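The values are calculated or read from the model by the stated rules, or taken from the named source; none is laboratory data. The shown structure was predicted, so the numbers you read here are calculated from the model rather than taken from an experiment. Positions of Cβ are generated from backbone atoms using ideal geometry, with glycine treated the same way; all protein chains shown enter the neighbour counts.
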Amino acid sequence: MDKTEKSTDQQKLANHNGDQVVSPNNKVIERAIVKDWDREIQKGEDIEKYWAMEAEQLDWFKKWDEVLDESEKPYYKWFVGGKINLAYNAIDRWIKTEKRNKIAILYTNERGDEIKLTYYELYREINKMANALLNLGIKKGDTVSMYLPMCPELVISMLACTKIGAVHSAIYSGLSSVAVVERINDIKSKVVITADGTYRRGKIINLKSVIDEAMLQCPTVQTVVLVNHTGRYNDVADLRGNEIFYERLIEGEGDSCYNEVMDAEDPLFILYTSGSTGKPKGVLHTTGGYMVGIATTLRNVFDIHDNDLWWSTGDAGWITGHSYTIYAPLLLGSTTLIYEGAPDFPDPGVWWKIVEKYGVTKFYTAPTAIRHLMRFGKKYTKLYNLDSLKILGSVGEPINYEAWKWMYEEIGKCRTPIMDTWWQTETGMHMIAPMPVADLKPGSATKPLPGVNIAIVDEDGVEVKKGKKGYLVITKPWPSMFRSLYNDEERFEEVYWNHFPDGFYKTGDMARMDEDGYIWIEGRSDDVLKIAGHRVGAVEVESAFNSHPSVNETAVIGKEDPVKGQLIKAFLILNNGYDLDLPFKDGSNTMLREELKRHVRHSLGPVAVLGEMVSVDSLPKTKSGKIMRRILKAKEAGEDLGDTSTLDDL
């Protein structure tokens, strides 16, 4: 792609071969750690050499004997023989440097409460909790579950586990008792750490009652540790026999503790993610390769410097919270902001107020949150000074053009590049993403990162031509890859590795690569509609709807049709003032329903045969914001909804 003269500040969208393109401005280029994107990608062509080089940024108790062991595919091993500890690298090593009194965690919530912990203060608190867990009988390899809001005690507890070699499993605090029971019993946790409640839209959501109900069915749990987060419980008499207050537990514990020497392949954590059917999958990540992958990608993709204030809105109940809210920023010695609450309470400007108050420099969130905030217009982004922002990021799902443009213009003021990242719970780290010096195309996650090998193939595993849609696969191992599904190796092999003859990793996503080598995610492979023999991605259709000014958000499914095979049924959240059965605009005789049909057919061509459109107030989503089309399909067919534990709205 030809480079053009770059302005020193604002950079507008421009056209290139029919695509919208934005180039980085000079200030971004001057700051960038990685100056040459293409050269960095070339460095990653030798994956063992590249990742060994990146592993040198960490402190190893013993260096590895072998970078990559491929002898038991797909059970790959990285940094074989290496000895390391995550807590040591994320906390302990910094207290010996000038970062000792630097703020590690800046916690705030929707009420405006604030807690700041320096690296030294965090170090002491982690050690106290680690010693307390040891005194509860927790040892290397034991499992500890956490059902906590985004609060300092969650970070402390996770790192305390990594310090002593315990395997932690954080459960999103919005899940039901049924989901909690399933996850705790699967890994046979001995200790559960929870809180009395969490703040959400001006209310206190009771978490203790969920755990109380769950504990009736969790026989392996010996101790429940309660963080009195909202002040609901004031007396030990409020607790049951196997329960203890967090503050009482760590009282009197020493503020120093040894670091367990962990093999690079020792288990680090288990995080549950829902499959389309069946029980949730316990994704198992190990220690050394995971640390190398997340630290490298955060530094390079978001250009992390010592004076940055990093804010990822991802909850630690999901992989974004693990990798990029907590662990990677601390591995880099950065300050990470942790927020508890809704993005629109007490008003839709609360996030931008926080950006202004603290001077956030790097901001990472989900497209679903951006689309939600778009509904409130530009008032709040204009109300606050967002000049501190240098880089924005998108995570969790493909970002549609309208959301990207709004984010770029209204939040970033045409100055801050948007790092659109594609990755998964299973990958552990960013896999496809730009770097700040890259030319960006709104809606594309750009190219595979250095040391990552991606292909787009047909059903036989043969690479398709550029511009053609196919299955997104990962062709070579990467260091932060998950090692298995907990206690379910058969499912691990069947779901991810046995589909393609060359042993490619099946991501489950459809994608295409354009002539510039940029990758465009087209949705899940089970979200592809087949109309009159033509394949149309659900994301393509949804993006076409979302590009109309009347539509805020869309989900589409295929509805069986005896002639066409499938027709499109669209579930639409309309912007204020619009109705499907009223004229599209004043003075027009065209109903909005007909206008949308015309608009979508114009965008996608005659293959986009619309069977039905309905206006809805909400869409079924996971707690992390992903639309669950299978729920819409099941409702439409009158079938059982399956596992709904991670759903936000039904």
- If you go through the stretch 448-491 one residue at a time, how many are more than 29 Å from Leu271 (Cα to Cα) and of a type in the set (Asp, Glu)? 4
- Query: Ser145 versus (1) farther than 18 Å from Leu249 by Cβ; (2) of a type in the set (S, T, N, Q); (3) crowded, with 23+ Cβ neighbours inside 10 Å: which is the lone unmet condition?
  - Reply: (1)
- Item | Test for Leu136: is it surrounded by 14 or more Cβ atoms within 10 Å (Cβ to Cβ), touching a Ser or Thr at 6+ places or on another chain (Cβ under 6 Å) and under 21 Å from Gly252 (Cα atoms) | yes
- Considering residues of the stretch 71-95 that are within 24 Å of the chain's Cα centre (by Cα) and either assigned to a helix (DSSP H, G or I) or modelled with pLDDT under 95 (or both) only, the residue farthest from Ser157 (Cα to Cα): Asn89
- Message: Name the residue that is farthest from the chain's Cα centre (by Cα), counting only residues in the stretch 200-247 that are of a type in the set (Lys, Arg) and exposed (fewer than 15 other Cβ atoms within 10 Å of the Cβ).
- Response: Arg240
- For Met429, indicate whether it is under 19 Å from the mean Cα position of the chain (by Cα) and part of a helix (DSSP H, G or I). no
- Item | Within the stretch 144-185, considering residues that are charged (D, E, K, R) and within 23 Å of the chain's Cα centre (by Cα), the one farthest from Val283 (Cα to Cα) | Glu153
- Message: Looking at the stretch 527-546, can you tell me whether even one residue there is at pLDDT 95 or above and either closer than 30 Å to Gly317 by Cβ or in contact with a helix residue (DSSP H, G or I) (Cβ under 8 Å, 6 or more places away or on another chain) (or both)?
- Response: no
- Grab the strands (runs of 3 or more DSSP E) fully contained in the stretch 482-552, keeping just those with 1 or more residues being in contact (Cβ under 8 Å) with a residue 40 or more places away in the chain and surrounded by fewer than 15 Cβ atoms within 10 Å (Cβ to Cβ). 534-537
- Task: Considering only residues that are over 20 Å from Pro24 (Cβ atoms) and of a type in the set (Val, Ile, Thr), look in the stretch 365-394 and name the one that is farthest from the chain's Cα centre (by Cα).
- Result: Thr381
- Among residues of the stretch 184-222 being in a helix (DSSP H, G or I) and among the charged types (D, E, K, R), the residue farthest from Arg111 (Cα to Cα) is Asp186
- Message: Looking at Glu265, Glu260 in this structure, which one is in contact with a Ser or Thr (Cβ under 7 Å, 6 or more places away or on another chain) and farther than 23 Å from Tyr408 by Cα?
- Response: Glu265
- Message: Among the residues of the stretch 103-124, what is the count of those that are hydroxyl-bearing (Ser, Thr, Tyr) and in contact with a Lys or Arg (Cβ under 7 Å, 6 or more places away or on another chain)?
- Response: 3
- Checking Glu247 against (1) over 30 Å from Lys633 (Cβ atoms); (2) in contact (Cβ under 8 Å) with a residue 24 or more places away in the chain; (3) not in a loop (DSSP other than H, G, I, E, B), which test does it fail? (2)
- Message: Yes or no: the stretch 374-396 includes at least one residue that is part of a loop (DSSP other than H, G, I, E, B) and surrounded by 24 or more Cβ atoms within 10 Å (Cβ to Cβ).
- Response: yes
- Message: Six or more apart or on different chains, Cβ atoms under 8 Å: show the pairs whose first residue is in the stretch 219-235 and closer than 18 Å to Gly197 by Cα and whose second is exposed (fewer than 14 other Cβ atoms within 10 Å of the Cβ).
- Response: Val224/Arg240; Val224/Asn242; Asn228/Asn234; Asn228/Glu247
- Task: Mind listing just one residue for me: the one in the stretch 562-595 that is in contact (Cβ under 8 Å) with a residue 60 or more places away in the chain and part of a loop (DSSP other than H, G, I, E, B) and, of those, nearest to the chain's Cα centre (by Cα)?
- Result: Asn575
- Determine whether the stretch 139-147 contains at least one residue that is of a type in the set (Ser, Thr, Tyr), touching a residue at least 60 places away in the same chain (Cβ under 8 Å) and in a helix (DSSP H, G or I). no
- Selection from the stretch 334-364 of residues that are under 21 Å from the mean Cα position of the chain (by Cα) and assigned to a loop (DSSP other than H, G, I, E, B): Ser334, Gly341, Ala342, Pro343, Asp344, Val360, Thr361
- Taking Pro620 and the conditions (1) more than 21 Å from the chain's Cα centre (by Cα); (2) at pLDDT 85 or above; (3) farther than 13 Å from Ala544 by Cα, which numbered condition does it fall short on, given that it satisfies the others? (1)
- Message: Scan the stretch 440-456 and tell me whether some residue there is surrounded by fewer than 20 Cβ atoms within 10 Å (Cβ to Cβ) and within 25 Å of Ser323 (Cβ to Cβ).
- Response: yes
- Message: Would you confirm whether or not the stretch 256-269 contains a residue that is surrounded by fewer than 19 Cβ atoms within 10 Å (Cβ to Cβ), without any contact (Cβ under 8 Å) to a residue 60 or more places away in the chain and small (Gly, Ala, Ser)?
- Response: no
- Ile557 is checked against (1) among the β-branched types (Val, Ile, Thr); (2) at pLDDT 85 or above; (3) touching a Lys or Arg at 6+ places or on another chain (Cβ under 6 Å); (4) surrounded by fewer than 21 Cβ atoms within 10 Å (Cβ to Cβ) and fails just one. What number does that condition carry? (4)
- Query: In the stretch 96-116, what residues are in contact with a helix residue (DSSP H, G or I) (Cβ under 6 Å, 6 or more places away or on another chain), surrounded by fewer than 19 Cβ atoms within 10 Å (Cβ to Cβ) and in a strand (DSSP E or B)?
  - Reply: Ile115
